[in-house]
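Engineer: This is the structure I have questions about; it appears just below.
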Amino acid sequence: MNGLWSRLRSPSKPSIRSAEAECGADQGINPLKSPDSASLSESSIRDAGPWTRGKILTLSILAFFALTLIVVAVTVPVLLVKRNRSHDDPSYHDAANRPVQVLSDFPDPGLLHVNNTWYTYGTNAAKNDSEVPHVPVATATVFNSWTRLEDHDAMPSLSSWETKINHYAPDVIQRDDGRFVLYYSGELKDWLYHHCVGVAVSNGTNPAGPFMPQSKPLACPRNQGGAIDPSPFRDVDGKLYVVYKADANSIGHGGDCNNGKKPVLAVPILLQELEADGVTPVGNPVQILQNDKSDGPLVEAPNILRTPQGIYYLFFSSHCFTSPKYNVKYAYATSLKGPYTRANRPLLKTGDFDLISPGGATVSRDGTKMVFHANCGKLRCLYAAAITIHANSTITPSSL
């Protein structure tokens, strides 16, 4: 602007040397050595100077931003990948720790170890088929090799309050008299597609049953949508408990697992103390966990373990079982009733060892082994795995 203003004020011509220098400087050429600069007309110099500088400035700015975008596009994903990898324990990248698929179509497994034999009890996965076992059973003497007891039903007869289908997430514990108690989710006849926690006691001392159900549900909070996913626990003092999920998402407002639309309902995990018979409640249930934003529409499939060091671990799943976000999480506390501190990372999630939607985990009483299900095509298959519980309360995969 200063040069243009001086031209307007004075009719005198600028010196060719000044014009040459200005033009040469704009083009990155030394004007003293340019043979063609003297042949440029005064008008072309006057017009080209300011516009050339503006164009160069504009192009420089555009080039700078383009280069910046390229650098960001290249480096940010690399940094994120490195960051994500750095948050994973090396155990997740060790093929020896890969869970073993042992059965097909066996979701929500419970787990029991008696007389050197492992037992697992699964969800009745056949939709609306009353001819399949209400509670299927599989056994193993080696933890990575399981056999389904074909056509065996651990609970062949049912109580009057439940339908003949849709029995979910059974689990078993042995009580002091040697008999076994089975906890399960039964569908209500008078409120279809909603469940309550049922309880059944074995006729003898066979962990595979048969189990005879009680006449009434053990837990049935209808104002919270009912209850599912019971898991028994015996504390160090011998007291019995059952932990389960209040099925509040079943009365939600739609969306993901019927609780993805606002207002999203609170879905609690409840702990109920029991008498020594394993079927009689003591007092009222206590809430020990609830879904938060990181859990999506729900938390479910609770299971409790106590280590010899006195730390309680609550294993659970979050998000909808139909979602790739479904996972196995855990939290820990120094008291059975909490408060529980959530771990920073799920124990298992989609992508770990190429698993898809792992969930519904149950851990052995010694805290070294685990069964869970994960998607395998259109089915949910049973997996066996090993874990290591560390002194800092983190848990990582291990080798069977």
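Engineer: Out of (1) within 23 Å of LEU336 (Cα to Cα); (2) assigned to a loop (DSSP other than H, G, I, E, B); (3) touching a residue at least 40 places away in the same chain (Cβ under 8 Å), what's the single condition that is false for PRO297?
Structural biologist: Just one mismatch for PRO297, condition (1).
Engineer: For ALA169, all conditions in the list (1) over 18 Å from ALA125 (Cβ atoms); (2) surrounded by 21 or more Cβ atoms within 10 Å (Cβ to Cβ) hold save one; what is the number of the exception?
Structural biologist: (1)
Engineer: Select from the range 312-328 the residues that are under 21 Å from LEU271 (Cα atoms) and among the polar types (S, T, N, Q) and write down the one among them that is surrounded by the most Cβ atoms within 10 Å (Cβ to Cβ). Explain how you work it out, then say what you get.
Structural biologist: As a first pass, look at the range 312-328 and keep what is under 21 Å from LEU271 (Cα atoms): 312-319, 328.
Filter again for among the polar types (S, T, N, Q), leaving 317-318.
Values: SER317: 29, SER318: 25.
Selected residue: SER317.
Engineer: Say whether the condition of being among the hydroxyl-bearing types (Ser, Thr, Tyr) and within 26 Å of LYS216 (Cβ to Cβ) is met by at least one residue in the range 139-156. Reasoning before the result, please.
Structural biologist: Here is the first cut: in the range 139-156, the ones among the hydroxyl-bearing types (Ser, Thr, Tyr) are 139, 141, 145, 147.
Among the residues that remain, those that are also within 26 Å of LYS216 (Cβ to Cβ) are: none.
No.
Engineer: Here's a follow-up. Out of (1) surrounded by fewer than 18 Cβ atoms within 10 Å (Cβ to Cβ); (2) on the phi < 0 side of the Ramachandran plot, the odd one out for VAL264 is which?
Structural biologist: Of everything listed in (1) surrounded by fewer than 18 Cβ atoms within 10 Å (Cβ to Cβ); (2) on the phi < 0 side of the Ramachandran plot, VAL264 misses just condition (1).
Engineer: Let me ask something additional. Quick one: how many residues across the range 373-386 are within 18 Å of the chain's Cα centre (by Cα), surrounded by fewer than 24 Cβ atoms within 10 Å (Cβ to Cβ) and hydrophobic (A, V, I, L, M, F, W, C)?
Structural biologist: Matching residues across the range 373-386 total 2.
Engineer: How about the range 238-297: which of its residues are of a type in the set (D, E, K, R) and within 26 Å of GLN214 (Cα to Cα)? Before you say what the answer is, go through the steps one by one.
Structural biologist: To start, the set of residues in the range 238-297 that are of a type in the set (D, E, K, R) comprises 239, 245, 247, 256, 261-262, 273, 275, 277, 292-293, 295.
Result: LYS239, LYS245, ASP247, GLU273, GLU275, ASP277.
Engineer: Among the residues of the range 201-216, are any under 33 Å from the mean Cα position of the chain (by Cα), over 21 Å from ASP108 (Cα atoms) and basic (Lys, Arg)?
Structural biologist: Among the residues of the range 201-216, not one is under 33 Å from the mean Cα position of the chain (by Cα), over 21 Å from ASP108 (Cα atoms) and basic (Lys, Arg), which makes the answer no.
Read-outs: derived from the displayed coordinates by stated rules, not from any lab. These numbers come from a predicted model, not from an experiment. Methodologically, a virtual Cβ is constructed for each residue, glycine included, from the backbone with ideal geometry; neighbour enumeration extends over all protein chains shown.
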